[in-house]
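The next block holds one structure in the form of structure tokens; read it before the comments.
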Amino acid sequence: MRSGKQSAEPTGREALIEAARALFAERGIEGVSIRELGRAADQRNNNAVQYHFGNREALLLAVLAPHNQRVGARRAALLDEVEAETAPSTRSLASALVRPSAAMLEDAAGRNYLRIVAELIADPVNLRRQGPFDDTELGRWDRLAKRLMAETTLPLHRRFSAMNLCFSELGRRARARRRGDHRLFVSDLLDLVTGLLSAEVSGETLGLLGERERDHDATATPPARTPRARAKRS
């Protein structure tokens, strides 16, 4: 009969997830080999990752999934509040981006999660490694921000800049050795994101945007004529 201590030990799958969370955070998603992950999880089988998950991508998703659910639930609640407002403020929108993820600073597993997410957000291609972006609460935030932000800011992709700022700063905070009261850090980060989302587009930037659009139109390849269109013209 197994003792309570033995039954409380993590399974091979759980041990791999815990090891991957720590190593991905410390050395980067591609910075640790599959065999190293197995050794860190005390797995004798060199193919333990493939056996339990199939590949590195599936292991990464398993590392992120429980935290994504917690953050997503918090973000959904704040987005509901923003959408219920008659005239949502930019700070409310920024809060729905910053606060749900900032709550993960309170424990070691959450801080490791934030370091991994910071790496993913830094590269839009990596964002796809979390699964379909549009189906997430972060994707919902992006769509809401697009509706609420000034038209002049949309070609500048400031929504992605806001996400990048938010998660890079959270990742930096998660790496810091001094981890005490995070309230000042979170409030200041919220100010920064609000400022980025609401910053006025200068006349110089608008002029350069117009110049880019004109250059694009001038170099665009005209659509090919169909046989019917050529015959009609002749």
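We did not get these values from a lab; they are worked out from the coordinates using the rules stated. Just so it is clear, the model here is predicted, and its values are computed rather than measured. Note that we place each Cβ from the backbone using ideal geometry, even for glycine, and neighbour counts take in every protein chain shown.
Test of understanding: ordering His67, His216 by Cβ neighbours within 10 Å, fewest first, what list do you get?
Taking fewest neighbouring Cβ atoms as first place, the list is His216, His67.
Among the GluC sites (Glu not before Pro) in the range 62-131, which ones are in a DSSP loop with at most 14 other Cβ atoms within 10 Å of the Cβ? Mind listing them?
Those that pass, being in a loop and sparsely packed, are Glu85.
List the GluC sites (Glu not before Pro) within the range 22-71 that DSSP assigns to loop and that have no more than 10 neighbouring Cβ atoms inside 10 Å.
Glu30
How big is D, in µm² s⁻¹, for the range 64-200 by Stokes-Einstein at 10 °C and 1.306 mPa s if Rh is the Kirkwood radius over C-alpha pairs?
Rounded to a whole number, D works out at 105 µm²/s.
Assuming R0 = 35 Å, can you tell me the calculated FRET efficiency for the pair Tyr51 and Ser161, based on Cβ-Cβ distance, to the nearest 0.05?
Computed FRET efficiency for Tyr51 and Ser161: 0.30.
Take the alpha carbon gyration tensor of the range 11-54, find the square roots of its eigenvalues, order them as a ≥ b ≥ c, and report rounded if a/c is under 1.5; if not, report prolate when a/b exceeds b/c, else oblate.
It is prolate, given that a/c is not under 1.5 and a/b is the larger ratio.
At 222 nm, what helix-only mean residue ellipticity would the chain give, in deg cm²/dmol to the nearest 500, using -39500 (n - 2.57) for each DSSP H run of four or more?
Calculated from helices alone, the mean residue ellipticity at 222 nm is -22000 deg cm²/dmol.
By count of other Cβ within 10 Å, fewest leading, how are Thr86, Thr11 ordered?
Thr86, Thr11
Tell me, what is a quarter of the convex hull surface for the C-alpha atoms of the chain, in nm² with one decimal?
21.5
Between the range 137-179 and the range 67-91, how many Å separate their Cα centres?
The range 137-179 and the range 67-91 have Cα centres separated by 14 Å.
Relative contact order of the chain, please, whole-number percent, based on alpha carbon pairs below 8 angstrom and at least 6 residues apart.
19
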